[in-house]
């Protein structure tokens with residue numbers, strides 16, 4: 001599911017003193033041990049955690065944006 005050396009856009013649920021919110025960040029996976037992902041910053045994420053929402057490979061995001069067609073001018 002995850003590849004070492006690939007950058008991902010992570011979305012997680014974060015608890016703060018003001019309540020629950022979303023946390024989004026981009027980081028590269030440098031090691032994988034079962035569901036645990038070690039990131040470049042040293043952060044370790046449990047991908048089986050209930051607070052883990054999604055991780056989208058940056059290559060996937062880049063290819064999706066390049067597939068978008070430019071808007072055409074419509075004259076009514």
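The values are calculated or read from the model by the stated rules, or taken from the named source; none is laboratory data. This structure is a prediction, so every number in the text was calculated from the model and none was measured. Because the Cβ atoms are built from the backbone with ideal geometry, glycine has one as well, and the counts that use them run over all protein chains shown.
Checking residue 10 against (1) modelled with pLDDT of 95 or more; (2) exposed (fewer than 12 other Cβ atoms within 10 Å of the Cβ): exactly one of these is not met. Which one?
Result: residue 10 passes all but (2).
Out of everything in the stretch 13-45 that is part of a loop (DSSP other than H, G, I, E, B) and without any contact (Cβ under 8 Å) to a residue 12 or more places away in the chain, what residue ends up being surrounded by the fewest Cβ atoms within 10 Å (Cβ to Cβ)? Step through it out loud before you land on a result.
At the first step, the residues of the stretch 13-45 found to be part of a loop (DSSP other than H, G, I, E, B) are 17-18, 34-35, 40-43.
Filter once more, so that each one left must be without any contact (Cβ under 8 Å) to a residue 12 or more places away in the chain: 17-18, 34, 42.
Values: 17: 4, 18: 6, 34: 8, 42: 7.
The residue in question is 17.
Name every residue in the stretch 46-62 that is in a strand (DSSP E or B) and over 10 Å from residue 2 (Cβ atoms), in order of residue number.
Hits for the stretch 46-62 are 46, 52, 53, 54, 56.
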